[in-house]
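The values are calculated or read from the model by the stated rules, or taken from the named source; none is laboratory data. Source: prediction; values computed, not measured. Methodologically, a virtual Cβ is constructed for each residue, glycine included, from the backbone with ideal geometry; neighbour enumeration extends over all protein chains shown. Keep in mind that these areas ignore ligands, DNA and RNA; they rest on the heavy atoms of the full protein, side chains included. Shrake-Rupley method; radii C 1.70, N 1.55, O 1.52, S 1.80 Å.
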Amino acid sequence: MSVRHALLGLLSEGPKYGHQLRQEFEARTGEVWPLNVGQVYTTLQRLERDGLVASDDAEAEGPQKDFRITAQGQEELDRWLRTPPDLTSPPRDELVIKVLVAVQLPGVDVREVLQVHRRYLVELMQQWTRLKEDEAEFDLALALVVDAELFRLDSVIRWLDAADGRLKRADAEPAAAGAPPPVLRRRLAVRR
Amino acid sequence: MSFLELRDVSRVYGEGANEVHALQNVNLAVERGSLVAVMGPSGSGKSTLLTIAGSLEEPTSGEVLIDGRSLSNMSHNDKARLRRRTVGYVFQDFNLLAGLTAAENVSLPLELDGTGARKARDAAMAVLDELGLVDRAGHYPDQLSGGERQRVAIARAIVGERHLVLADEPSGALDSANGEAVMRMLLTACKGGVAAVVVTHDAQLASWAERVVFLRDGRVVDQTVPPPSPESLLEPSVQP
Ligand SMILES: Nc1ncnc2c1ncn2[C@@H]1O[C@H](COP(=O)(O)OP(=O)(O)OP(=O)(O)O)[C@@H](O)[C@H]1O
Ligand SMILES: [Mg+2]
C-alpha cells in the first residue's frame with residue numbers, strides 16, 4: 001500500500017491540513033488500514049522534499065500545516081495509477097510450500113492437509129462476507145477492500161481444489177505421478 | 001428442533017461393477033432461520049444430497065425428516081403436497097417451463113397449491129421485482145439470458161411461504177454482483193424463518209452461509225465452526 005500516492009490522491013482534490021489527510025486516508029480505505037500520525041507527517045515531509053507537494057506556510061508545524069499538490073505531484077499520481085504493480089515473479093507462498101512438503105512426506109494424508117487449509121480460508125471468507133452484509137452497503141471503500149480480500153482468498157481455495165483434483169487423479173494412476181519433467185524442475189529451481 | 005434432518009443417509013446408483021456410492025452415511029441438520037452451504041468438488045454428491053433432501057429421490061438407506069416428519073412414512077400425495085407448499089427447489093439446470101412466461105413460471109407453484117390466479121400473480125411480480133426482473137416478467141425462458149433464467153428459478157423457489165429452500169449451484173451463470181444479490185435474497189428469506197441449503201463449489205457464495213459443510217466422495221468430511229466476529233479483521237494487526 002503506497003501511503004505516498006494515497007496522500008497525493010487526497011491532495012489532488014484540493015489543499016488539506018495534515019490531520020485532515022490522516023482522517024480522510026482512513027475513511028477512504030474502509031478503515032482497514034489504520035495509519036499512525038508519524039507516518040503521515042514523515043511521508044508529507046518526503047513528498048515536499050521531492051517537490052510533489054508544497055506548503056505555503058513554512059512556519060507551521062505538524063497537524064496545522066496546509067499542503068497542496070504540485071504539477072509534478074499530479075503527474076506522478078497519474079503515472080502511478082496506471083502503472084501495474086509487479087505481479088510477474090510469484091511470491092514465495094507459504095501455503096504452496098507446505099503442500100509441496102506434504103506431498104513428499106510418507107504417511108501424510110495430503111488431501112486432509114488441504115482440507116484443513118480450505119476450512120480455515122472459508123471461515124476467514126465468512127468473516128469478510130459478514131462485514132459486507134453489515135456495513136458495506138453504506139461504504140463503497142470498505143466494500144471494495146472486502147471484495148478484493150474475498151477474491152484473493154477465493155483464488156487460494158481454487159488452487160487447493162485444483163491440487164485436490166490432481167492428487168485424486170495421481171492416486172488413481174500412480175505411474176503418472178513422480179518426478180516433475182526436467183524443464184519444470186529447472187524453472188522451479190531458478191526461484192529458490 | 002431442526003426443520004430438515006438427514007440421518008445416516010446413503011445413496012447407491014447402479015449395480016455390480018457400475019455401482020456408485022454417491023452418498024455415504026451423511027448426517028445433516030438445518031434449523032429454520034439458518035443458511036447452510038454444502039461445498040464439494042464435481043461428483044462429490046451435492047446434487048444427490050439435495051434431491052434426497054427435497055424428496056425428489058429416495059435414499060438407499062437412512063432417513064430424511066422435514067419438520068420432524070419422516071419422508072419414508074409419507075404417502076405419495078403427502079410428499080407431492082410438501083414439495084408444492086413447503087419446499088422451494090432451485091435446480092442446477094433451472095428447469096423453467098418453456099411454454100410459460102417468467103411470471104407464470106414463478107406463480108405456478110402457488111396456483112398448483114390452490115392460490116387464486118391474481119394473488120399468485122401479485123406474489124410472483126413482487127419477487128421478480130426484488131430480483132430486478134419485473135421488465136422481463138412477460139418473457140419466455142428462451143427470451144431470457146442465462147443469468148436471468150437463473151434468477152427466475154430462484155424467484156420460483158422462494159415465492160409464497162416456503163419453509164425450506166434447496167438451491168443447487170444457484171449462481172452458476174451469474175456474475176459476482178448477481179451472485180451476491182441471490183445470496184442476500186436467500187439470507188433475507190432465512191431471517192424470515194426459512195431453512196436453506198445451498199450447494200455450490202463457489203467459496204464466495206458459500207461464505208454467505210453461517211455453516212459450511214464439506215463433501216468429498218459422498219461423505220461429509222468437515223464443516224466450519226461459527227466464525228468470530230468480523231471486527232477482528234479490522235484490528236491493526238491485519239495491516240500489510
Ligand atoms: N442417476 C444416476 N445414476 C447413476 N449415477 C449417478 C446418478 N446421479 C448421480 N450419479 C453419480 O453420483 C455421483 C454424485 O453425483 P452428483 O450429481 O450428486 O454430484 P455433484 O456433487 O452434484 O456434482 P456437480 O458439481 O458436477 O454437479 C457422481 O459420480 C454421479 O456420476
Ligand atoms: Mg450437481
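Has region B:8-29 got at least one residue that is within 26 Å of B:Pro109 (Cβ to Cβ), touching a strand residue (DSSP E or B) at 6+ places or on another chain (Cβ under 7 Å) and surrounded by fewer than 18 Cβ atoms within 10 Å (Cβ to Cβ)? Within region B:8-29, one or more residues are within 26 Å of B:Pro109 (Cβ to Cβ), touching a strand residue (DSSP E or B) at 6+ places or on another chain (Cβ under 7 Å) and surrounded by fewer than 18 Cβ atoms within 10 Å (Cβ to Cβ). Each residue in region B:50-64 was checked for being of a type in the set (A, V, I, L, M), within 13 Å of B:Val26 (Cα to Cα) and more than 9 Å from ligand 2 (Cβ to nearest atom), and 3 of them qualify.
Using the structure shown, decide if B:Val20 is farther than 23 Å from B:Ala209 by Cβ and within 16 Å of ligand 2 (Cβ to nearest atom).
On the way: farther than 23 Å from B:Ala209 by Cβ: yes; within 16 Å of ligand 2 (Cβ to nearest atom): yes.
Against the criterion (farther than 23 Å from B:Ala209 by Cβ and within 16 Å of ligand 2 (Cβ to nearest atom)), B:Val20 qualifies.
Scanning region B:167-184 for residues that are more than 10 Å from B:Val90 (Cα to Cα), part of a loop (DSSP other than H, G, I, E, B) and acidic (Asp, Glu) returns a single hit, B:Asp175.
For region B:172-191, the set of residues classified as more than 9 Å from every other protein chain (Cβ to nearest Cβ) and either open to solvent by less than 10 Å² (accessible area, probe 1.4 Å) or without any contact (Cβ under 8 Å) to a residue 24 or more places away in the chain (or both) consists of B:Ala177, B:Gly179, B:Val182, B:Leu186, B:Thr188, B:Cys190, listed by residue number.
Here is a check on your reading of the model: is A:Ala148 of a type outside the set (Lys, Arg), away from chain B (no Cβ under 11 Å) and open to solvent by 20 Å² or more (accessible area, probe 1.4 Å)?
Details: of a type outside the set (Lys, Arg): yes; away from chain B (no Cβ under 11 Å): yes; open to solvent by 20 Å² or more (accessible area, probe 1.4 Å): yes.
Answer is yes for this residue.
Quick test of your reading of the structure: B:Gly147 fulfils all but one of (1) within 14 Å of chain A (Cβ to nearest Cβ); (2) away from ligand 1 (no atom under 16 Å from the Cβ). Name the failing condition by number. Every condition holds for B:Gly147 apart from (1). The residue of region B:192-213 that is most open to solvent (accessible area, probe 1.4 Å), among those that are of a type in the set (Gly, Ala, Ser) and more than 8 Å from every other protein chain (Cβ to nearest Cβ), is B:Gly192.
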